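These notes concern the structure reproduced below.
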Amino acid sequence: MNRIAIAVVSLTAACTGSFVVAASEEDRLASDKAALAPLQTFVGSWRGVGQPRRGSSQDAWTETADWSYKFADGRAMLVFASPKGKFYRSGKLQLASEKATFNLVAERADDSGDDHFSGKLDDAGQLALLAAD
């Protein structure tokens with residue numbers, strides 16, 4: 001084979017490989033979007049009140065959080081920011097490798113690290129997360 005033929009074959013292989021990677025990233029993004037669709041109600045600005053004892057304002061606090069979609073590295077995820085959060089400052093929720101399982105990584109407000117949670121949608125469509133091991 002001459003050099004021109006080798007160059008054409010190499011270029012074709014490189015382009016085909018790039019197309020396969022791009023197609024799988026598009027498939028992954030579409031899969032992530034479909035899995036996150038039931039959680040659309042999370043998106044938006046939230047304001048809440050924490051009460052250690054129901055009906056008592058003693059030691060109560062207010063908290064705000066903004067949830068939005070983020071698309072990065074061929075993935076879709078929901079992210080939140082709560083700059084003045086008492087327990088968590090930010091986090092990201094995304095589909096895990098295992099089908100129908102979600103992972104949440106939340107940054108602690110005291111800068112001591114992250115907490116990891118995982119879970120699934122229950123029969124009522126509610127997301128139930130448990131602390132990961």
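Only the coordinates and a few stated rules stand behind these numbers; no lab work does. This structure is a prediction, so every number in the text was calculated from the model and none was measured. Counting neighbours? That spans all protein chains shown, and the Cβs are built from the backbone with ideal geometry, glycine included.
Just grab the label-to-label distance for residue 109 and residue 62, each label 7 Å out from Cα along the Cβ direction, in nm (one decimal).
Those two pseudo-labels are separated by 1.4 nm.
Using every Cα-Cα pair within segment 67-113, state what percent have a distance larger than 15 Å.
48 percent
Pull out the extension gain between residue 131 and residue 72, defined as 0.36 nm times the separation in residues minus the alpha carbon to alpha carbon distance; nm, one decimal. Spell out each step's value before the answer.
On the way: separation 59, 0.36 × 59 = 21.24 nm, distance 2.49 nm.
My answer for the length gained is 18.7 nm.
Which translational diffusion coefficient, to the nearest whole µm²/s, is obtained for segment 18-122 from the Stokes-Einstein equation, given a Kirkwood hydrodynamic radius over C-alpha pairs, 25 °C and 0.890 mPa s?
D, rounded to a whole number, is 159 µm²/s.
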